[in-house]
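The values are calculated or read from the model by the stated rules, or taken from the named source; none is laboratory data. Remember, predicted model here, so these are calculated numbers, not experimental data. Cβ: placed from backbone, ideal geometry, glycine included. Neighbour counts: every protein chain shown. Side chains included, ligands, DNA and RNA excluded: accessible areas come from the protein's heavy atoms. Shrake-Rupley method; radii C 1.70, N 1.55, O 1.52, S 1.80 Å.
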Amino acid sequence: MAALFLGLNANAARMDMVDVSNNNGYMSTAEYTSMRNEFGVKAVTVKISEGSTYKDPYAASNIANVQAAGLYINGYHFARYATKAQAIAEADFAGQTAKAAGLPIGAVLATDVESQEANNQSKATNDRNNAAFMKEIQKFGYRADIYTSGSWANNKMTIKGKTGWVAGYPYVPAGKQWYTNNNAWQWSGSAHFRISYGGFDVSQLYTDYYTAGQKSTVKPTDKDAVKANNKEANKEANKHTSKPSTSAKWVKEQKTYTLKTAVKLRTGASTSSSVITTLPAGATVKTDQAIIQGGYRWVRQPRFNGYGYLATGPASNTLEYVKSGATHMYYTVKSGDSWWSIAQRNGLSMTTLASQNGKTIYTTIYPGQRLVVR
């Protein structure tokens with residue numbers, strides 16, 4: 001949602017939730033972790049899709065990296081619909097795209113109503129279309145909400161009770177809060193974080209709607225069968241459990257890996273430990289310790305509420321399931337280049353580009369200098 005103007009400074013409201021899209025480029029786990037630790041961000045809502053054909057190219061990596069940073073994850077669809085039939089079709093497209101990108105069941109998948117403002121659609125039309133989208137998106141197991149501007153929330157659609165993620169940047173009288181009857185108030189469209197380049201949309205949450213736990217997809221009638229299947233699966237898994245011995249020592253190993261294939265993140269250093277989540281191929285994993293024993297290499301990932309553990313492959317193959325960037329692609333700096341122009345050209349943030357070259361965005365670069373871009 002584009003900012004009208006920023007009438008508040010960074011301390012005027014809480015940065016509970018940030019939303020990101022392809023406009024922000026690739027966002028690493030480290031950047032999301034910084035948002036959480038340094039600015040108190042609780043949740044991230046990522047763009048999933050737009051209209052009936054566009055899929056955000058960073059949706060999958062954003063979802064994986066947000067989860068790896070220990071933050072709540074939700075999604076939104078940029079709506080283009082003008083009729084009820086189009087709204088249902090876009091909801092089906094958004095739901096399928098979200099599933100493929102890894103958005104977990106029970107997350108919010110909001111409809112972002114902006115293009116309708118340009119078309120000046122009526123309140124009755126908006127209410128009909130939004131209701132159709134929200135009803136359809138719930139068939140995929142996602143919770144629905146409406147993301148819109150303050151003026152349209154008040155005048156061009158019906159938002160009842162604790163509903164709605166409202167973007168508005170008005171002057172706020174002393175002692176007054178805006179949009180406290182809604183789930184969230186987006187109060188800035190140009191927030192800056194220490195290690196991330198560019199402006200971000202940030203919101204203050206008034207309910208737990210965007211931080212609620214994920215729901216199970218198991219139907220009541222399936223529970224007994226699932227319990228039996230899990231019992232048998234656990235028996236089978238325990239036959240082939242791999243874990244370090246009690247005498248094994250962890251060593252300090254601060255590395256960032258990019259997954260070549262999906263890997264299960266577990267609560268402990270054992271293949272029988274509970275699975276926190278499955279990180280998809282392309283996700284980044286930042287570790288602080290490692291251990292090699294019994295044919296497996298284990299790494300430990302710092303998380304919001306403790307640690308996650310990954311079995312990353314036989315010691316003889318070093319890292320069967322992940323790559324640590326041993327093979328690089330380089331770019332030779334030309335006259336007129338800057339950190340920003342090179343980062344944009346390669347789908348990176350300036351901070352990521354600079355850090356992977358052992359520099360900061362304030363370091364001067366010169367023509368002829370070679371930079372790692374992949």
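Remarks
- In the stretch 299-312 there is at least one residue matching the filter, namely being farther than 23 Å from Asn62 by Cβ, among the aliphatic types (A, V, I, L, M) and at pLDDT below 75.
- Among residues that are open to solvent by 10 Å² or more (accessible area, probe 1.4 Å), at pLDDT 80 or above, over 27 Å from Asn23 (Cα atoms) and of a type in the set (Lys, Arg), Lys162 is not included.
- Matching residues in the stretch 1-25 - criterion: being open to solvent by less than 40 Å² (accessible area, probe 1.4 Å) and either of a type outside the set (Ser, Thr, Tyr) or at pLDDT below 80 (or both): Met1, Leu8, Ala13, Met15, Asp16, Met17, Val18, Asp19, Val20, Asn24, Gly25
One line per residue, one yes/no per condition, for (1) surrounded by 22 or more Cβ atoms within 10 Å (Cβ to Cβ); (2) touching a residue at least 40 places away in the same chain (Cβ under 8 Å):
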{"site": "Glu31", "(1), (2)": "yes, yes"}
{"site": "Arg36", "(1), (2)": "no, yes"}
{"site": "Gly70", "(1), (2)": "no, yes"}
{"site": "Ile73", "(1), (2)": "yes, no"}
{"site": "Phe78", "(1), (2)": "no, no"}
{"site": "Ala89", "(1), (2)": "no, no"}
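- Inside the stretch 115-150, residues that are open to solvent by 40 Å² or more (accessible area, probe 1.4 Å) and not in a helix (DSSP H, G or I) make up a count of 2.
- Looking across the stretch 329-362, just one residue is in a loop (DSSP other than H, G, I, E, B), of a type in the set (Ser, Thr, Tyr), modelled with pLDDT under 80 and open to solvent by less than 50 Å² (accessible area, probe 1.4 Å), and that is Ser349.
- Enumeration of residues in the stretch 247-261 that are in a loop (DSSP other than H, G, I, E, B) and modelled with pLDDT of 75 or more: Lys249, Trp250
- Exactly one residue among Ala89, Ala79, Ala43 is at pLDDT 90 or above and under 27 Å from Asp288 (Cα atoms), and that residue is Ala43.
- Filter pass, Thr111 being open to solvent by less than 10 Å² (accessible area, probe 1.4 Å), without any contact (Cβ under 8 Å) to a residue 60 or more places away in the chain and closer than 15 Å to Ser52 by Cα: yes
- Failed item, numbered, when Phe93 is tested on (1) in contact with an Asp or Glu (Cβ under 9 Å, 6 or more places away or on another chain); (2) of a type outside the set (S, T, N, Q); (3) open to solvent by 10 Å² or more (accessible area, probe 1.4 Å): (1)
- The C-beta contact set for the stretch 196-210 (first residue in a loop (DSSP other than H, G, I, E, B), second residue modelled with pLDDT of 90 or more and open to solvent by 40 Å² or more (accessible area, probe 1.4 Å), distance under 9 angstrom, 6+ apart or interchain) comprises Tyr210/Lys42; Tyr210/Tyr72.
- Residues located in the stretch 46-86, provided they are over 21 Å from Trp165 (Cα atoms) and not polar (S, T, N, Q): Tyr54, Lys55, Pro57, Tyr58, Ala60, Ala64, Ala68, Ala69, Gly70, Lys84, Ala85
- Taking every residue in the stretch 130-154 that is more than 26 Å from Ser188 (Cα to Cα) and pairing it with any residue that is open to solvent by less than 30 Å² (accessible area, probe 1.4 Å) and assigned to a helix (DSSP H, G or I), at least 6 positions away or on another chain, the pairs with Cβ-Cβ distances below 6 Å are Ala132/Ala87; Phe133/Ala87; Phe133/Ala91; Glu136/Ala91; Ile137/Ala91; Ile137/Gly95; Phe140/Gly95.
- For beta carbons closer than 6 Å, sequence separation of 6+ or different chains, a first residue in the stretch 6-26 that is at positive phi and assigned to a helix (DSSP H, G or I) and a second that is at pLDDT 80 or above and surrounded by fewer than 21 Cβ atoms within 10 Å (Cβ to Cβ), there are no qualifying pairs.
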